[in-house]
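Structure incoming, see below.
The values are calculated or read from the model by the stated rules, or taken from the named source; none is laboratory data. Model, not experiment: these values are computed from the prediction. Please note: Cβ atoms are built from the backbone with ideal geometry, for glycine as well, and neighbour counts cover all protein chains shown. These accessible areas exclude ligands, DNA and RNA; they are computed on the full protein's heavy atoms, side chains included. Shrake-Rupley method; radii C 1.70, N 1.55, O 1.52, S 1.80 Å.
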Amino acid sequence: MVFVVCMVAASPMRREATHRSEMVSQLLFGEQAEVLGQSGDFTRVRCCYDQYEGWCQTNQLQQTDRLPEKSGLLLSAEWASKLTINDATMWVSMGTPLSLFDKGTLQLGSYHAVYTGQTWDAATASFTEALIKQVAFTFLNTPYLWGGRSVFGIDCSGYVQQVYRFFNKPLPRDAYQQAEPGEVIGFLQEAVCGDLAFFDNEEGRITHVGLMLDASTIIHSSGKVRIDPIDQAGIVNAETGERTHRLRIIKRY
């Protein structure tokens, strides 16, 4: 097996090996991926964090002999953090993995990177209401972006995946996949901060997910990362009063 590391802030993972193809996810800087194939200027990869597959630009990746990190739980902690790579500035998103850095330095092929920003140790973070809100609120007003996983643009499942990452709680990539594990919460009134609520469409397919702040409030990525009221029927837009999402199930992890 051959592995690569993402060397840009967020590399688009596309459904097909072309720039015109849909972005299905992203690799964040420092994330490792297994190489599955090549086509022109694109490499098909499987992200080691969530096993999601897609095509990334080859020149945004660097091959590595290092096996995927199993215990690397150090993340960048600020909304955006500055690092230098080959003496040039790069801004990376909150939640960027730093496991490949050694005392703030990463040497990988022709790349030399230095990180001096704040860090977050997911191995020791307690899944408490105060800390959950601290992380979740930092993403507020991030624009919705299909396939996004960063503060520069994020989708609903990418958002809850990244929040959970801060507490060493790995989640699959898509909402319908995230709804499979976990314990069912039978009544909305029993929901607590950190539970995930899932919503379906007319065909019954789960298409949306959000993070419960309490039994009547949810934070989710819809247009932007926002806070809205929720009841037994689903989400109501706090600004327009429109019902936007139909509640299917609530899970605890």
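State the answer as a single residue: which of ILE235, SER126, THR64 lies farthest towards the positive end of the charge dipole of the chain, with beta carbon charges of +1 for Lys and Arg and -1 for Asp and Glu, about the Cα centre.
Result: THR64.
Treating the Cα atoms of region 170-242 as identical point scatterers in vacuum, please give the log10 of the normalised Debye intensity I(q)/I(0) at q = 0.21, 0.26 Å⁻¹, two decimals.
Each listed q corresponds, in turn, to -0.99, -1.44.
Straight-line reach from LYS103: which aspartates and glutamates fall under 20 Å, measuring Cα to Cα and dropping same-chain residues less than 8 apart?
Those aspartates and glutamates meeting the cut-off are GLU31, ASP65, GLU69, GLU78, ASP87, ASP121.
Also, quick follow-up: Could you tell me which trypsin sites (Lys or Arg not before Pro) in region 1-46 are loop residues by DSSP with no more than 14 other beta carbons within 10 angstrom of their beta carbon?
ARG15, ARG20
Turning to a different aspect of this structure: What whole-number distance in Å separates the alpha-carbon centres of region 84-130 and region 198-253?
32 Å
Then there's this: Taking springs between alpha-carbon atoms closer than 10 angstrom, which of MET94, MET13, MET23 fluctuates most in the Gaussian network model of the chain?
Maximum among the listed residues: MET23.
Suppose every K and R has +1 on its Cβ and every D and E has -1 on its Cβ; what is the size of the dipole of the chain about the Cα centre, in Debye to the nearest 20? Don't skip to the end; give the middle numbers.
Numbers: 22 positive and 28 negative charges, 59 e Å.
Rounded to the nearest 20 debye, it is 280 debye.
Debye calculation, C-alpha points only, no solvent: report log10 I(q)/I(0) for region 106-253 at q = 0.13, 0.21 Å⁻¹, in the same order as the q values.
So the normalised log intensities work out to -0.57, -1.41.
Averaged per residue, what accessible surface does region 30-162 expose to a 1.4 Å probe, in Å²?
Numbers: 6280 Å² over 133 residues.
Spelled out: the 1.4 Å probe surface of region 30-162, per residue, equals 47 Å².
Report relative contact order for region 54-168 in percent, whole number only (criteria: Cα-Cα under 8 Å, sequence separation at least 6). Walk me through the numbers before you get to the answer.
Values: 173 pairs, mean separation 28.0, N = 115.
Computed value for region 54-168: 24 percent relative contact order.
Assign unit charges at the C-beta atoms only (+1 for Lys and Arg, -1 for Asp and Glu), then state the dipole size of region 44-115 relative to its Cα centre in Debye, rounded to the nearest 20.
On the way: 6 positive and 7 negative charges, 13 e Å.
It comes to approximately 60 debye.
Identify which of PHE152, PHE101, PHE187 has the largest mean-square fluctuation in a Gaussian network model of the chain, with springs joining Cα atoms closer than 10 Å.
PHE187
Turning to a different aspect of this structure: How large is the convex hull of the C-alpha atoms of the chain per residue, in Å³? Could the numbers behind the result be given before it?
Details: hull volume 33.2 nm³, N = 253.
It comes to 131 Å³ per residue, whole-number rounded.
Assign unit charges at the C-beta atoms only (+1 for Lys and Arg, -1 for Asp and Glu), then state the dipole size of region 1-150 relative to its Cα centre in Debye, rounded to the nearest 20.
Dipole about the Cα centre, nearest 20: 160 debye.
Give me a comma-separated list of calculated 3J(HN,Hα) values for region 88-104, in order, Karplus coefficients 6.51, -1.76, 1.60 applied at θ = phi - 60°, integers in Hz, x for any Gly or Pro.
Going residue by residue, I get 10, 7, 9, 9, 10, 6, 3, x, 5, x, 10, 5, 7, 7, 10, 6, x Hz, with x marking Gly and Pro.
Here's another thing I want to ask about it. Counting only protein heavy atoms and a 1.4 Å probe, tell me what percentage of the chain's accessible area is made up of carbon and sulfur. Present the calculation step by step, with values, prior to reporting the outcome.
Numbers: 5700 of 11580 Å².
Of all accessible area on the chain, carbon and sulfur atoms account for 49 percent.
After finding the eigenvalues of the alpha carbon gyration tensor for region 1-87, what semi-axes result from the square roots of 5 times each, listed largest first in whole Å?
On the way: eigenvalues 87, 47, 32 Å².
Square roots of five times the eigenvalues give 21, 15, 13 Å.
Mind telling me which of LEU188, LEU196, LEU171 comes out most flexible in a GNM of the chain, alpha-carbon contacts under 10 Å?
Residue with maximal mean-square fluctuation among LEU188, LEU196, LEU171: LEU188.
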